[in-house]
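Let me begin by presenting the structure, written as structure tokens, before commenting on it.
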Amino acid sequence: MSVVSNIAEGCGRGTVPDFRRFLLHARGSAQETLTQLRLINPTSPAQSSQLRSLQSRTVLVLKLINRLYSHPPPDK
């Protein structure tokens, strides 16, 4: 929730510098999520598989945030 909320708030600001600042907050939230996922100790093969999937998706979100930071949409 925090990741998407930060991105949405940054979009609503209307300037690239503000948008980038909120992307940094979103990236921090995604890093927190990845850290929390890494602390989970799965108890079954099914949980291990699901956990790896969630970690992979979180890494993808981090890459997308980084790309958006590097190539933001133009100011409104």
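The values are calculated or read from the model by the stated rules, or taken from the named source; none is laboratory data. Everything quoted here is computed from the prediction, not taken from an experiment. As a convention, Cβ positions derive from the backbone with ideal geometry for all residues, glycine included, and neighbour counts pool all protein chains shown.
Of all residues assigned to the range 1-18, at least one qualifies as being small (Gly, Ala, Ser), modelled with pLDDT under 95 and not in a helix (DSSP H, G or I). For the range 6-26, a residue qualifies if it is more than 15 Å from the chain's Cα centre (by Cα) and farther than 15 Å from residue 71 by Cβ, and the qualifying residues are 12, 13, 14, 15, 18.
Selection over the range 32-76 of residues that are under 28 Å from residue 14 (Cα atoms), exposed (fewer than 10 other Cβ atoms within 10 Å of the Cβ) and modelled with pLDDT of 95 or more gives a count of 2.
Scan the range 17-31 and give yes if some residue there is of a type outside the set (Phe, Trp, Tyr), more than 30 Å from residue 74 (Cβ to Cβ), touching a residue at least 12 places away in the same chain (Cβ under 8 Å) and surrounded by 13 or more Cβ atoms within 10 Å (Cβ to Cβ), otherwise no. No, the range 17-31 has no match at all.
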